[in-house]
């Protein structure tokens, strides 16, 4: 099974997100992981440069890139099922851990120590709250984009996700919401031209 890791990772693009909802613009796990990594990097920069707290934005981005890689083997379990009750959530966490372990086994032995912390190790745990916030911000942006495309299917998810973000104790989230989220309500013409 060695040396198949990156071939598996490339298959993230085949896993659809929001599978129980009608999507105006379908999104796959690879797209979502990129979005989450960009936002996690930004939250890391905000933590370091705005709030003066130690943080490595590059490490945040790397963890976020792989935060959903277990779904290559498990698929994307819809949120209403994943969080239905604590027993299901706990069982699914165990499945996710095993999927990450199986993925790590597809790397040459020499590379496993570098990727293990990103997939399921100490680094992932240490940055969990920041990556989780980036994940929620990515989902919130998706909801905004769906609403702006005329799809009311995401209104409830948008409201619930905004409430989660507004309740976040992380100042980086409030900063991102204040400074960057309003632009997602604008058209390209309203954003203006670059240069």
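The values are calculated or read from the model by the stated rules, or taken from the named source; none is laboratory data. Everything quoted here is computed from the prediction, not taken from an experiment. In this analysis, Cβ positions are derived from the backbone assuming ideal geometry, glycine residues included, and neighbour counts consider all displayed protein chains.
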Out of 16, 33, I need the residue that is in contact with a strand residue (DSSP E or B) (Cβ under 9 Å, 6 or more places away or on another chain) and surrounded by 12 or more Cβ atoms within 10 Å (Cβ to Cβ). Which one? 16
Every residue in the stretch 55-79 that is surrounded by fewer than 18 Cβ atoms within 10 Å (Cβ to Cβ), in a helix (DSSP H, G or I) and at pLDDT 95 or above, please. 58
Among the residues of the stretch 80-115, which ones are exposed (fewer than 12 other Cβ atoms within 10 Å of the Cβ), part of a loop (DSSP other than H, G, I, E, B) and modelled with pLDDT of 85 or more? 108
Being more than 14 Å from residue 144 (Cα to Cα), without any contact (Cβ under 8 Å) to a residue 60 or more places away in the chain and part of a loop (DSSP other than H, G, I, E, B) is the filter here; which residues of the stretch 18-36 pass it? 19
Taking residue 41, is it closer than 22 Å to residue 154 by Cα, under 15 Å from the mean Cα position of the chain (by Cα) and part of a helix (DSSP H, G or I)? no
I'd like the residue in the stretch 44-54 that is part of a helix (DSSP H, G or I) and either in contact with a strand residue (DSSP E or B) (Cβ under 6 Å, 6 or more places away or on another chain) or touching a residue at least 12 places away in the same chain (Cβ under 8 Å) (or both) and, out of all such residues, is nearest to residue 69 (Cα to Cα). 44
